[in-house]
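Here is the structure we will look at.
The values are calculated or read from the model by the stated rules, or taken from the named source; none is laboratory data. If you're wondering where the values come from, they're calculated on a predicted model, not measured in any experiment. In this analysis, Cβ positions are derived from the backbone assuming ideal geometry, glycine residues included, and neighbour counts consider all displayed protein chains.
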Amino acid sequence: MSAEGRAASGRMEGQGFYTEHSEAQRGYVELGLEWLGRAAGEVEPPPDGPPFVVADMGAAGGGNSLAPMRRALAARRGDGPALVVHTDIPSNDFSALFELVGTSPDSYADAPEVFTLAAGRSFYERLLPERFLSVGWSSIAVHWLSAVPAPIPDHIYCSFATGAVRDALRAQSGADWLAFLRGRARELRPSGRLVVLGGAAQDDGRSGAEGLMDMANGALGQLVEAGALTPAEHERMTIPTWNRTEAEFVAPFEAGELDGELTLLRHELRWLPDGYFEAYAADGDLDAYTGAVAGFFRAAFEQSLWAALDSGRSEADRAALAASFHERLRAAIVADPERAACRWLWCCSTSCGRAAETPDGAGGREPFAPARRRSAQRRRGDVSVGRSTRATRRPSARTTTRTRSRARRPASLRATALGSATLIAARPPALTRRGASTRTR
């Protein structure tokens, strides 16, 4: 297959569009702020000279970065200088990010002795000097892959991959996650903390967004049938993500692949409700709901799709194709609003050094419950994770009127999306082995 037009991994829509259309991502951030504040307060203040360093990994346009950076800076111990480093891939719109950091009334940047930098590099590589980082934060970014090993036959989304392609995507995700953790292990100071909010999947691979993704793939198929999109272009289109299961998130820790450099302290799976659908259920405004969902899809995913177009297409041709796609996607959402709802599963975790040597309040429990035991707990009802059996149900075709009626059911009767939280910390210096075991690939 020709490599022409293969999608770039994870580029968000620029010029502030992503910031304006990322309400779902903001929901994750709000749920993780408590974990981030706790983690920042556990880090020992740096000695005189070096600043307290916070890395925001996967910053995009910065709209979902300001509140976490404020929380981390407010929770730190000591009052010395601080450095915030926003990181993302080189094609990210850093101009929009810096404009927001410099002008938003919600920014952290006007605090005394707080400085801002950016790094245009994938977080699957080393980003910072060794033992430089106090707190690492990444929110809804680690599901993006560094590369697409193979396109997904007849679809654009990982949940629909099967056979060898599914195995290749899973293997790429595993290698990326291990590279991410090894890079942070080298960068974290001895008492440093890493908090990761990541898009997750149920054991069967479903993430909660299958309905919307199938609608988008159907709209692209219609463009092929109309002759506006070539079959080869459609075949190359892949959203380069993989939502990990709980077992895949904890695998590097359970298997000892980090050589003890990081310890998983806290880990939790949660469902996140779809704020767009909840608003629609409350007010019945189908036009607003359709615009919000279509805007969310454009902001997060379309750049990866349009990167697969033939390079000879003109800008006018690309714009016309995008407009036709938007029209078809909106029509699909109007026809079945509930199916377009994304009830995401997500994972929140914090990692650090050995649990026995963490500050007061960080221990008092085992570092994490192995995935096998947590799965059993969920089956027994010991862990509340929402109604996973209904989270990705695809309703049959129905009229808009009937869908609106059902959409007004109380939120307590609808499934919400599950996610995971992780807290990670660096090992104390006397226990740290420096060398090949922590090199990124």
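Selection of region 225-253 for residues being part of a helix (DSSP H, G or I) and closer than 21 Å to A307 by Cβ yields P231, A232, E233, H234, E235, R236. The listed residues are A200, A247, and the only one of them that is buried (at least 19 other Cβ atoms within 10 Å of the Cβ), touching a residue at least 40 places away in the same chain (Cβ under 8 Å) and among the small types (G, A, S) turns out to be A200.
Out of A75, A59, A82, report the one residue that is at pLDDT 95 or above and closer than 13 Å to W137 by Cβ. Result: A75 is the single residue among A75, A59, A82 that is at pLDDT 95 or above and closer than 13 Å to W137 by Cβ. Per the conditions (1) over 22 Å from A209 (Cβ atoms); (2) in contact with a helix residue (DSSP H, G or I) (Cβ under 8 Å, 6 or more places away or on another chain), the sole criterion not satisfied by I140 is (1). Of the set (1) surrounded by fewer than 21 Cβ atoms within 10 Å (Cβ to Cβ); (2) free of Cβ contacts under 8 Å to residues at least 60 places away in the same chain, all apply to A228 but (2). Applying a threshold of 6 Å to beta carbon distances and a minimum spacing of six or more residues, or different chains, the list of pairs starting in region 297-325 at a residue that is touching a residue at least 12 places away in the same chain (Cβ under 8 Å) and ending at one that is of a type in the set (K, R) and in a helix (DSSP H, G or I) reads A308/R236. Within region 250-268, can you find the residues that are charged (D, E, K, R) and surrounded by 21 or more Cβ atoms within 10 Å (Cβ to Cβ)? Result: E261, R266, E268. Can you pull out every residue in region 116-158 that is among the polar types (S, T, N, Q), within 30 Å of R270 (Cα to Cα) and either modelled with pLDDT of 95 or more or part of a strand (DSSP E or B) (or both)? Scanning region 116-158 gives S134, S138, S139. Consider region 126-139 and keep the residues that are within 14 Å of L181 (Cβ to Cβ) and more than 17 Å from the chain's Cα centre (by Cα). The one that is surrounded by the most Cβ atoms within 10 Å (Cβ to Cβ) is L133. When S324, S311 are screened for being over 19 Å from the mean Cα position of the chain (by Cα) and not in a helix (DSSP H, G or I), only S311 passes. Does T290 meet the test of being in a strand (DSSP E or B), surrounded by 16 or more Cβ atoms within 10 Å (Cβ to Cβ) and more than 19 Å from the chain's Cα centre (by Cα)? Spelling it out, it is not the case that T290 is in a strand (DSSP E or B), surrounded by 16 or more Cβ atoms within 10 Å (Cβ to Cβ) and more than 19 Å from the chain's Cα centre (by Cα). Listed conditions (1) without any contact (Cβ under 8 Å) to a residue 40 or more places away in the chain; (2) assigned to a helix (DSSP H, G or I) are all met by G256, apart from (2). With respect to being farther than 15 Å from P46 by Cα, crowded, with 19+ Cβ neighbours inside 10 Å and not polar (S, T, N, Q), D93 fits the description.
Collect the residues in region 154-199 that are of a type in the set (D, E) and touching an Asp or Glu at 6+ places or on another chain (Cβ under 8 Å), keeping them in residue-number order. Within region 154-199, E187 is the sole residue that qualifies. Condition (residue is modelled with pLDDT under 80, over 19 Å from H143 (Cβ atoms) and not charged (D, E, K, R)) applied to region 24-47: is it met by at least one residue? No, region 24-47 contains no residue that is modelled with pLDDT under 80, over 19 Å from H143 (Cβ atoms) and not charged (D, E, K, R). Answer yes or no as to whether A279 is surrounded by fewer than 21 Cβ atoms within 10 Å (Cβ to Cβ), of a type outside the set (F, W, Y) and without any contact (Cβ under 8 Å) to a residue 40 or more places away in the chain. For A279, the condition - surrounded by fewer than 21 Cβ atoms within 10 Å (Cβ to Cβ), of a type outside the set (F, W, Y) and without any contact (Cβ under 8 Å) to a residue 40 or more places away in the chain - is met. In region 143-178, the qualifying residues are those that are among the small types (G, A, S) and surrounded by fewer than 19 Cβ atoms within 10 Å (Cβ to Cβ), and the one that is farthest from R126 (Cα to Cα) is G163.
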